[in-house]
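Read the structure below first, then the notes.
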Amino acid sequence: MMMKKLSIFILVLSAVIFSAPANAIFVTGGPVTTTNATTSVVGGGAEATAQRVTIANDSTGVVSVDDNSSSLTVDNATISVVGSGVEATAQRVTIATDSTGVLSVDDNGASLTVDGTALTVTQKGVEWETVAASQTDQICGATGAAGDYIRSLVITIVTVATATVDLQDADGTAFNIITGNAALVPGVVVVELGLTSLGATTPGWKVTTGAGATAICVGDFT
């Protein structure tokens, strides 16, 4: 009876094996192989015939992406993600309004500009020059020139009644920064300006001081 059952089991097993489809997977105690010619699972497989993998939307695993020797590109003719990309076809990046990260911007060799005819931001070098009391039209810089930039005046008030300081652009009209009077308090006053000289005749910034004040020009001068 036992031999009869064993014979029936062998016959059934043989029928299953020999009726299996051509691309079936057999485990024989060694490595698992496949006879499906359309599947490429090794690095040398061609992209056109390789099987695609879809990551489950609830996956908690980590997908590793090779950086292709520090040059990672995307298959899309309209996207340029490498340094040599052309601005006209490059994708724009919008910073989220709730971003808490830090955005680093290269200063382009100390000359940072903004796309637009109405606004240009240029980083100026900073230097300074002293102006003694009782000076008339002292030029800030060696010679002065159109385009000179004065960032601020640091004024030291010594005698309040005569602590007058005037600033003039080239041969234009001088405008008063401080007028000596009894209401002033002796000490140091910093006047922020951020102005560029435009005058062409005897160009540059000129400072005039009264007997009761000295000044320091701070900016970028010729």
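Yes/no matrix, rows are residues, columns are (1) out of contact with any strand residue (DSSP E or B) (no Cβ under 7 Å at 6 or more places or on another chain); (2) part of a loop (DSSP other than H, G, I, E, B); (3) of a type in the set (Ser, Thr, Tyr):
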| site | (1), (2), (3) |
| --- | --- |
| Leu153 | no, no, no |
| Asp166 | no, no, no |
| Ala200 | yes, yes, no |
| Val207 | no, no, no |
| Thr214 | no, no, yes |
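Among the listed residues Gly109, Gly144, Gly125, identify the single one that is part of a loop (DSSP other than H, G, I, E, B), surrounded by 15 or more Cβ atoms within 10 Å (Cβ to Cβ) and modelled with pLDDT under 95. Please lay out each step first, then the result.
Values: Gly109 fails: surrounded by 15 or more Cβ atoms within 10 Å (Cβ to Cβ); Gly125 fails: surrounded by 15 or more Cβ atoms within 10 Å (Cβ to Cβ).
Answer to the check: Gly144.
Return the residues of region 175-219 that are under 41 Å from the mean Cα position of the chain (by Cα), surrounded by 13 or more Cβ atoms within 10 Å (Cβ to Cβ) and over 16 Å from Val131 (Cα atoms); say none if nothing qualifies.
Matches in region 175-219: Leu193, Leu195, Thr196, Ser197, Gly199, Thr202, Pro203.
If the Cβ limit is 7 Å and pairs must be 6+ apart or interchain, which residue in region 144-157 that is under 10 Å from Asp220 (Cβ atoms) pairs with which residue that is of a type in the set (Phe, Trp, Tyr) and buried (at least 21 other Cβ atoms within 10 Å of the Cβ)?
These pairs meet every condition: Asp148/Trp205; Asp148/Phe221; Ile150/Trp205.
The values are calculated or read from the model by the stated rules, or taken from the named source; none is laboratory data. The model shown is predicted, which means the values in this text are computed figures rather than measured ones. Using ideal geometry, Cβ is built from the backbone for each residue, glycine included, and neighbour counts are taken over all protein chains shown.
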